[in-house]
Amino acid sequence: MSEGLNYKFLVDTFFIALSGVPITLFITVVALLFALPLGFLLALTRINRIPVLHRFAQVYVSFVRGTPIIIQIFIVYSSVPLLLSSLFTKFNIGMNVYDVNPIWYAFIVFSFNTTAVLIEVFRSALSTVNRGQLEAAQSVGLTDVQAYRRIIIPQALVVAMPNICTATVNLIKATSLGYAMSLQEITLKAKVAANVGYNYVEAYIDIFLVYLLLCSAVEYAFKLYEKRLSKYKPSVV
Amino acid sequence: MEKYFDASYIWESIPLLIPFLKMTFMVAGLSVLFGTLLGFILTVAKTGKSKFARKLATGYTTIIRCTPSIVLLFLVYYGLPAIGDRFGLNLNNIDTAVFVIITFTLQFAAAMSEVMRSAFQSIDNGQFEAAVSVGLSNSQAYRRIVFPQAFVVALPNFGNSLLAVLQEGSLAYTIGLIDVVGKANLIIAGNYNAHALEIFLALAIIYWILSIAIEQFFLKLEQVFSKGKQGLKTA
Amino acid sequence: MLEIKDVYKSFGKTEILKGVDVTIDKGDVVVILGPSGSGKTTLLRCINFLEKADQGRAVFGDIDVNLGTATKKQIHQIRQKIAFVFQSNNLFNNKTALENVTEGLVIGRKVPKEEAVKIGKKALDKVGLTDKYDAYPSELSGGQQQRVGIARAVALNPDIILFDEPTSALDPELVGEVLTVMKNIAREGTTMLVVTHEMDFAKDVANKVIFMDGGVIVEEGTPHEIFVNPKEERTQKFLKRVLPEDFTYHI
């Protein structure tokens, strides 16, 4: 190891790490598909102070923001299988919990986590849209739903976009903790490759590079999209 | 091996875990301290005249922002001794806590440089101009007029970054630090992996309470500092 | 007392000042008029080194500095003699009214705190804010804020006070109180260089009016000369545009 970096390993493992990208992206997309609408709805319950739901959302957000993701993973990974196995025995389903693909646990954890993050993102974005916008929409005869769909949401989305970008990047980064659920993503794949010859420095350089590329690409994509959206932004003269 | 959920394990493990918060706090505290210092230097670079320094500081922040904590942690843990080797230094026997502190210092500095930069730039340039126009030197103008106002602006984001470092710090167990998470894993191993869920719930409760306390503390702090002083009431 | 000579300043490719000379004698109240973008504000900011001029000189008694290349020490020297009142008042948000006024005295000039407080209170009294010593800027109205801004300048006992459109950021009903304060301090013999759009103030208080347009001084003279007999066509056009129909000039 003191010989310096093993460049052949460095190059080979880069591609191994890269092969974990699809699963990372898959989890990210599923979590976002789940969290975007749910986060938005719960944000509405917060803003409009819908009884019970708004309290629930508040506690939920507080818990997710107040605990490390790794501990959320630990909890899901040690509780859901327990629940499942008792369900399997109860209903006589001939399935072993250990056969469940860990990606399902990843879907649960990261959807759970990202929803809470997005509640806060949407809440602050919605509160920046001027109350007058809703009143103006109603005054020209739009229903509340129409007003939201056509007037409020497009504006809130522009405000929320940078934070959605941050949330997405954080989500991608957080999937690196999938190792705790034996998820075959970027980090675990490269690490396993390194186990053979103790090439950990090289492996982590590769992992680092893959995340750097991935996150930069995501940030760049969001920037392009924001540019297209920004025509809704109130112009500051 | 199938045992049922037993809530008493939660309450019994909390007192066992609490003493190990000391390590958690020490690591987070030192990272915040060093990270703030390094963050300040980065902020100076970002707001300064040198284009090179600006690019360097911005590039650094981008790279750190794109690196998962656990990856940075292992890069430092394996990478530093490897670099040390090159220069004939044996860094393999350094305390694990040092690697953790370095990792989160690097991370906190990047976050803080953005917090401080945006706070600094949120203060209208007229404040500085007015200060020098009444005869303050540049450094007096920054120290007495600009920084105190920027500090209040930065406070909430500083609190958020501090919470983040505390939580990301929970990954330090992966390189063998015995902080509160490390201890929890030791307890679980001692139980032959039984009742892991209860112990993890205990951990979650500890972190949750801690986070709420810190959040409230910063809210109070904000109120104290912004009392009457900031143009919050009249926009 | 203060001579500003041949000031040039451009931002990027836009030339804002193209060789401006201004002479101010002790006790003068000089008003600079002109359309927006004519360079009035930039001139004022160059005199106080808030902008660095491309070239130009300021001669102030025995101090003779280059407005483009002045040293820190020279800048400090000039600023000790010239106070500035900003359009957006720029009160220190983290300081009370009194602290705003004493800050420059205590920190900039090393005046003992007690004495500074005495001077500060007197300055605030003069602008009619005796009951607002301990108010923070956010607790004051726009007009009150600007009066603190003037007190801050007056307290420094400067040789000249520069006013950069002190009323143009205010609501119309608040303009009067600020102009009254300015008239009062002018009557006390304070030397003032004022950029403003308030024609009445120029007419009633100034002893010299300068009309600027396009980065040069088009015309200057007594208020009578400018308002009644403007020589230059550009001045005439400007005045016709900004003066109300019933604006009359009486001596």
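The values are calculated or read from the model by the stated rules, or taken from the named source; none is laboratory data. All of these numbers come straight from a predicted model, not from anything done at the bench. Counting neighbours? That spans all protein chains shown, and the Cβs are built from the backbone with ideal geometry, glycine included. Side chains included, ligands, DNA and RNA excluded: accessible areas come from the protein's heavy atoms. Shrake-Rupley method; radii C 1.70, N 1.55, O 1.52, S 1.80 Å.
Okay, here's what the table says:
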{"quantity": "Alpha-carbon gyration tensor eigenvalues x 5, square-rooted, for the range B:1-160, Å", "calculated": "39, 24, 14"}
{"quantity": "Pairs of alpha carbons in chain C whose separation is greater than 22 Å (percent)", "calculated": "55"}
{"quantity": "Within the accessible area of chain C (1.4 Å probe), percent carbon and sulfur", "calculated": "46"}
{"quantity": "Å³ per residue enclosed by the Cα convex hull of the range C:9-129", "calculated": "156"}
{"quantity": "Pairs of alpha carbons in the range C:96-238 whose separation is greater than 21 Å (percent)", "calculated": "49"}
{"quantity": "222 nm mean residue ellipticity, helices alone, for the protein assembly as shown (DSSP H n ≥ 4; -39,500 (n - 2.57); rounded to 500)", "calculated": "-20000 deg cm²/dmol"}
{"quantity": "Computed FRET value (nearest 0.05) for B:L221 with B:S118, which takes r as the C-beta separation and R₀ as 25 Å", "calculated": "0.85"}
{"quantity": "Two-decimal Rg/Rh across the protein assembly as shown, once Rg and the Kirkwood Rh are taken from alpha-carbon atoms", "calculated": "1.08"}
{"quantity": "Threshold 40 Å², the range A:168-202 residues less accessible with all protein chains present than alone (1.4 Å probe)", "calculated": "A:K173, A:Y179, A:Y200, A:V201"}
{"quantity": "Most fluctuating residue given options C:G12, C:G142, C:G108, as computed from a GNM of chain C linking Cα atoms under 10 Å", "calculated": "C:G12"}
{"quantity": "Approximate shape of the range B:1-57 as ellipsoid semi-axes (Cα gyration tensor, √5λ), whole Å, largest first", "calculated": "47, 14, 7"}
{"quantity": "Equivalent ellipsoid semi-axes, the range B:99-235, via Cα gyration tensor eigenvalues times 5, rooted, Å", "calculated": "43, 17, 9"}
{"quantity": "Area hidden from solvent between B and A (accessible, protein heavy atoms only, 1.4 Å, total, Å²)", "calculated": "3100"}
{"quantity": "For peptides A:68-79, A:112-123, sequence by mean Cβ density within 10 Å, most packed first", "calculated": "A:112-123, A:68-79"}
{"quantity": "Ranking by accessible area, most exposed first, for B:Y77, A:Y220 with a 1.4 Å probe", "calculated": "A:Y220, B:Y77"}
{"quantity": "Among the listed pairs A:K189/B:K46; A:K173/A:K223; A:K8/B:K46; B:K55/C:K18; A:K227/B:K220; C:K72/C:K113, those beyond 29 Å (Cα-Cα)", "calculated": "A:K189/B:K46; A:K8/B:K46; B:K55/C:K18; A:K227/B:K220"}
{"quantity": "Members of the range B:180-220 that become less accessible by 40 Å² or more once partner protein chains are added (1.4 angstrom probe, chain alone as reference)", "calculated": "B:L197, B:F200, B:A204, B:W208"}
{"quantity": "Charged-residue dipole, Cβ positions (Lys, Arg, Asp, Glu), chain C about Cα centre, Debye nearest 20", "calculated": "800"}
{"quantity": "For the protein assembly as shown, accessible area per residue (1.4 Å probe, heavy atoms of protein chains only), Å²", "calculated": "49"}
{"quantity": "Hz values of 3J(HN,Hα) by residue in the range B:38-55 - Karplus curve (6.51, -1.76, 1.60), Gly and Pro given as x", "calculated": "4, x, 5, 4, 4, 4, 4, 5, 5, 9, x, 8, 5, 5, 5, 4, 5, 4"}
{"quantity": "Cross-link reach list, aspartates and glutamates versus C:K40, counting only Cα pairs under 15 Å and skipping chain neighbours closer than eight places", "calculated": "C:D6, C:E15, C:D21, C:E51, C:D164, C:E165, C:E198, C:D213, C:E219, C:E220"}
{"quantity": "Size of charge dipole - the protein assembly as shown - debye, nearest 20, with Cβ of Lys, Arg +1 and Asp, Glu -1, no other charges", "calculated": "260"}
{"quantity": "Added length on full extension, which subtracts the Cα-Cα distance from 0.36 nm per residue, C:T180 to C:V228", "calculated": "14.9 nm"}
{"quantity": "Accessible area of chain A belonging to carbon and sulfur atoms, whole % at 1.4 Å probe", "calculated": "65"}
{"quantity": "With 10 Å bins from 0: P(r) over chain A, alpha-carbon pairs, percent", "calculated": "7, 24, 28, 22, 13, 5, 1, 0"}
{"quantity": "Positive-end residue of A:G94, A:F110, A:G141, charge dipole of the range A:22-182 with Cβ unit charges", "calculated": "A:G141"}
{"quantity": "Cleavage-rule hits (trypsin sites (Lys or Arg not before Pro)) in the range A:36-114: DSSP loop, at most 15 neighbouring Cβ within 10 angstrom", "calculated": "A:R49"}
{"quantity": "At R0 = 35 Å, FRET efficiency that the Cβ-Cβ distance of C:F247 and C:I63 yields, to 0.05", "calculated": "0.30"}
{"quantity": "At most 10 other Cβ within 10 Å, DSSP loop - GluC sites (Glu not before Pro), the range C:160-216", "calculated": "C:E188"}
{"quantity": "Inter-centroid distance (Cα atoms) of the range B:11-38 relative to the range B:100-172, Å", "calculated": "23"}
{"quantity": "Those aspartates and glutamates that a straight Cα-Cα span of less than 18 Å connects to A:K191, excepting residues fewer than 8 apart in one chain", "calculated": "A:D12, A:E202, A:D206"}
{"quantity": "Cβ charges +1 (Lys, Arg) and -1 (Asp, Glu), total dipole of the range A:22-182, debye", "calculated": "280"}
{"quantity": "B versus C: buried accessible surface, summed, Å² (probe 1.4 Å, to nearest 100)", "calculated": "2100"}
{"quantity": "Computed E for A:V11/A:W104 - FRET, C-beta separation, R0 35 angstrom, nearest 0.05", "calculated": "0.55"}
